[in-house]
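Values quoted throughout were computed directly from the atomic coordinates according to the rules given, and no laboratory measurement underlies them. Treat the numbers as computed from the prediction; the structure is a model and nothing was measured. Here the Cβ positions follow ideal geometry from the backbone for every residue, glycine too, while neighbour counts run over all protein chains shown.
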């Protein structure tokens with residue numbers, strides 16, 4: 001087998017099909033390739049690549065730059081004959097799919113795995129060959145020629161540790177094969193670097209003795225004794241002492257008096273599956289116990305498989321602890337946790353201490369225990385620890401022993417390495433289910449397998465229970481169980497079998513919680529199934545401020561987890577689905593008034609913050625805003641950050657806010673749902689979240705029309721009258737219909753909205769609806785009606801004293817004159833719109849006006865001036881993070897470049913615009929851009945590509961039933977056949 005194409009085990013390397021090196025480019029493209037290679041076949045987001053490329057903060061052009069680096073990478077690989085089909089562009093990132101044998105990292109891991117298998121079956125020759133083949137792939141440190149990145153650190157650390165393990169095991173195999181002379185030289189070199197490695201001393205003494213150099217072997221053992229005594233104050237461990245006894249000539253008598261090692265480990269689970277990374281990490285940690293004890297704590301939520309993992313790993317590392325293994329169930333979550341003094345007495349008996357010699361006092365027992373372990377290598381497994389105080393007296397002080405603790409709590413006070421355990425990866429959970437019910441049954445189930453795993457939340461205990469139920473019911477299909485698990489309210493009833501029950505496991509943790517934490521746990525049963533900020537939990541719980549106590553306790557107990565830190569620097573908390581089911585059960589047992597009060601507090605805080613965010617948004621045209629009064633309580637602390645970064649806050653809370661609209665409607669709180677939906681419309685518009693926009697508004701309007709909605713609504717902060725809410729919702733819905741080419745629906749919504757506002761005497765609202773209706777008339781070509789409607793809206797805006805609205809109306813009137821190709825008539829209206837936008841400080845409206853000024857310049861025959869205005873508009877939209885409007889400006893710049901003969905830049909801009917319009921659902925813009933790309937490719941001789949784009953444009957125009965445009969594109973398509 002030849003050298004792999006891609007190499008990261010050393011300087012970054014790419015080989016061509018002929019074996020020569022491929023120049024990839026500068027540091028940035030090389031860093032992109034390195035990031036992709038460290039996750040072969042896995043998705044790498046743009047955010048992750050940005051963090052690698054600009055760790056100190058990305059420039060505004062970061063996304064465009066990343067695309068340039070990827071194009072550079074593709075060109076370099078193509079030029080060298082390296083296939084690039086596996087370098088895929090995803091909506092928000094990239095993935096590199098290459099065979100594992102073409103990348104040295106997975107190839108190293110595969111060779112290492114093969115070597116271990118050969119080693120385990122006793123084929124030392126094959127094992128040595130494969131260990132050496134694995135190590136032979138290394139050419140230096142991982143990515144040695146690139147600046148380090150914190151993004152790479154986990155992968156780099158893991159593979160460097162695997163290299164160290166492989167090198168050690170290779171030495172052991174060479175020792176067994178009697179490869180003594182070169183081994184002695186290598187061991188002495190390694191000991192210069194790490195003189196406290198007893199395993200290296202042991203191998204050196206054995207190699208010297210095996211080579212017949214007994215005097216040197218004795219001298220090496222004596223030096224090991226002196227080094228360990230001087231540096232660590234300990235005697236050699238049992239394995240090294242045994243080798244020393246052999247070379248010094250008294251092996252026989254000492255072996256006869258050595259007691260058999262004690263092993264108290266429970267039976268290993270025969271079908272243990274998954275957790276490969278955790279198992280490898282725990283093995284490394286525990287096996288590193290030599291000169292000083294090692295303590296490792298495995299902590300995780302109920303049912304995550306902590307005890308099973310601890311026992312499994314303990315069995316795997318038994319050979320590293322020749323003096324024995326102790327196991328104690330501490331019962332930390334039981335009604336009567338084990339006392340440290342009793343546990344010490346039990347372990348001392350396991351160490352051979354008779355009852356009469358065991359001291360009475362806890363401190364004396366702990367001292368004796370430490371003394372007995374000082375010169376020995378034991379593995380101590382402490383299962384189900386309740387807290388650090390229960391564990392601390394049970395820890396050895398010196399020697400080469402290791403302690404493996406499992407606990408539902410984090411135990412931060414212990415001097416330990418911590419291994420937090422979460423749910424299983426989906427592939428591991430699927431493999432576990434297959435071992436219980438059989439792989440054939442899973443294959444026949446198809447997608448139902450993932451439905452079952454989703455119902456179990458990939459929690460190992462739940463997966464095992466589900467598998468056991470299926471194994472005991474051969475007549476059930478996985479679809480049957482998946483249907484049972486679909487209902488959250490009955491899910492916990494389905495997840496129990498024999499002595500195993502998810503609810504009981506959750507209850508065991510809940511009943512140990514103090515009052516505030518227990519209340520916080522129940523609050524999660526009423527919150528959306530989304531990551532939530534701590535302030536929202538505090539609001540629902542009725543706290544005066546965001547007190548961390550309850551949440552921090554739940555974190556320590558692994559009953560919630562921090563899943564992210566949002567852009568505002570707030571931690572986001574989430575509870576596992578099955579724990580949330582139990583929290584919901586507990587919440588439903590509380591009084592209805594308590595539950596309702598919690599939810600109303602949450603709704604009101606979200607409405608208040610959404611109103612603050614909307615008031616600070618760069619665009620405020622949609623909807624009718626109430627007065628932005630700052631919220632009180634825990635939400636008040638985040639108000640400054642919301643005002644400073646409104647779009648970031650709305651993006652972060654989007655799913656929570658939408659869920660709150662739906663939850664309010666289920667409770668009959670239509671007024672609150674309407675208030676929140678109205679505040680979200682401008683954000684939905686900016687980011688193109690059309691599905692959520694349509695769903696929230698339709699749901700609320702339907703609820704308003706329902707008979708039950710005729711009752712008086714609950715009071716809401718700064719709430720508008722119900723009719724005004726309906727008018728605002730209709731106006732917002734009309735705008736969405738306009739974007740998505742549903743013109744009849746748009747006109748109906750705008751007209752209905754305008755009539756309601758007029759009846760209420762709300763001139764500004766009436767004018768906003770009129771602008772929407774006029775926009776539909778303009779798109780449909782009825783320019784006289786559009787101009788009249790825009791003029792009416794200007795009159796109403798002036799009467800209401802709404803200067804922001806006046807800017808909108810001026811810009812709208814100018815758009816009609818530009819449609820009529822009369823730039824001189826449009827010019828004064830655009831000048832007025834620009835002046836008004838600047839006076840009111842509306843940067844977003846200024847950018848919209850500049851788009852129209854660009855059209856004016858082009859109609860005047862001034863393309864350079866038009867290009868300059870579009871670039872200014874794009875800068876503003878990029879600065880405001882309005883991806884929606886920025887996409888339309890890029891489209892306009894692309895069209896302008898095409899008309900000026902700059903086909904290269906036009907193509908790049910129009911391709912980006914086409915993708916954006918497709919995502920935004922603007923079929924008219926998509927049809928227009930696809931046609932432009934067809935014309936561009938026909939002009940440059942790429943007829944096959946031109947036909948593809950013309951087909952796409954024709955299909956879009958036909959779906960829109962715009963026959964004249966469809967006929968024009970059809971003619972273009974026939975011309976290239």
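Simple spin-label model, 7 Å along Cα-to-Cβ: residue 335 to residue 821 in nm?
The two pseudo-label positions are separated by 9.1 nm.
Going by how many other Cβ atoms sit within 10 Å of their own, how do 16, 401 line up, fewest first?
Ordered from fewest to most neighbouring Cβ atoms within 10 Å, 16, 401 come out as 16, 401.
With an 8 Å cut-off on Cα pairs and a minimum separation of 6 or more residues, tell me the relative contact order of the stretch 513-701 in percent.
22 percent
What is the angle, in °, between the Cα long axis of helix 943-960 and the longest principal axis of the Cα atoms in the chain? Nearest 10 is fine, range 0 to 90.
Long axis of 943-960 versus the principal axis of the chain: about 60 degrees.
With the cut-off at 1.5 for a/c, could you classify the stretch 6-104 from its C-alpha gyration tensor as rounded, prolate or oblate?
prolate
For the stretch 61-75 and the stretch 851-929, write down the distance between their C-alpha centroids in whole Å.
First find each Cα centre; the distance between them is then 20 Å.
Relative contact order for the chain: what is it in percent, counting Cα pairs under 8 Å that are at least 6 residues apart?
5 percent
Report the extension gain between residue 443 and residue 903 in nm, rounded to one decimal, defined as 0.36 nm multiplied by the number of residues separating them, less their alpha carbon distance.
The residue 443-residue 903 span can extend by a further 160.5 nm.
For the stretch 848-920, what does the relative contact order come out to in percent, with C-alpha contacts under 8 Å and a separation of six or more?
Normalised by residue count, the contact order of the stretch 848-920 is 24 percent.
Given points 7 Å out from each Cα along the Cα-Cβ axis, report the residue 591 to residue 121 separation in nanometres with one decimal.
7.0 nm
Please rank 672, 860, 924, 30, fewest neighbouring Cβ atoms within 10 Å first, as an exposure proxy.
860, 924, 30, 672
With a Förster radius of 56 Å, plug the Cβ-Cβ distance of residue 948 and residue 164 into 1/(1 + (r/R0)^6) and report the FRET value to the nearest 0.05.
Between residue 948 and residue 164 the formula returns 0.60.
Arranged by the count of other C-beta atoms within 10 angstrom, fewest first, what order do 940, 520, 553 take?
940, 553, 520
Helix 763-779 versus the longest principal axis of the chain: what angle, 0 to 90°, nearest 10, using Cα atoms?
For 763-779 against the chain, the angle is about 90 degrees.
Let me know the shape class of the stretch 273-371, please: from the alpha-carbon gyration tensor, a ≥ b ≥ c as square roots of the eigenvalues, rounded when a/c is under 1.5, otherwise prolate if a/b is greater than b/c, or oblate.
The shape class here is oblate.
In degrees between 0 and 90, to the nearest 10, how far off the longest principal axis of the chain does helix 722-739 point, with axes built from Cα atoms?
Roughly 90 degrees between the two axes.
Between residue 90 and residue 636, what FRET efficiency comes out of the Förster formula 1/(1 + (r/R0)^6) with R0 = 45 Å and r the beta carbon distance, rounded to 0.05?
Calculated transfer efficiency: 0.70.
Answer rounded, prolate or oblate for the stretch 756-800, using the Cα gyration tensor with square roots of eigenvalues a ≥ b ≥ c: rounded when a/c is under 1.5, else prolate when a/b is larger than b/c, else oblate.
prolate
Could you check the spin-label model distance between residue 838 and residue 279? Points 7 Å from the Cα along Cα→Cβ, value in nm.
It works out to 7.0 nm between the two label points.
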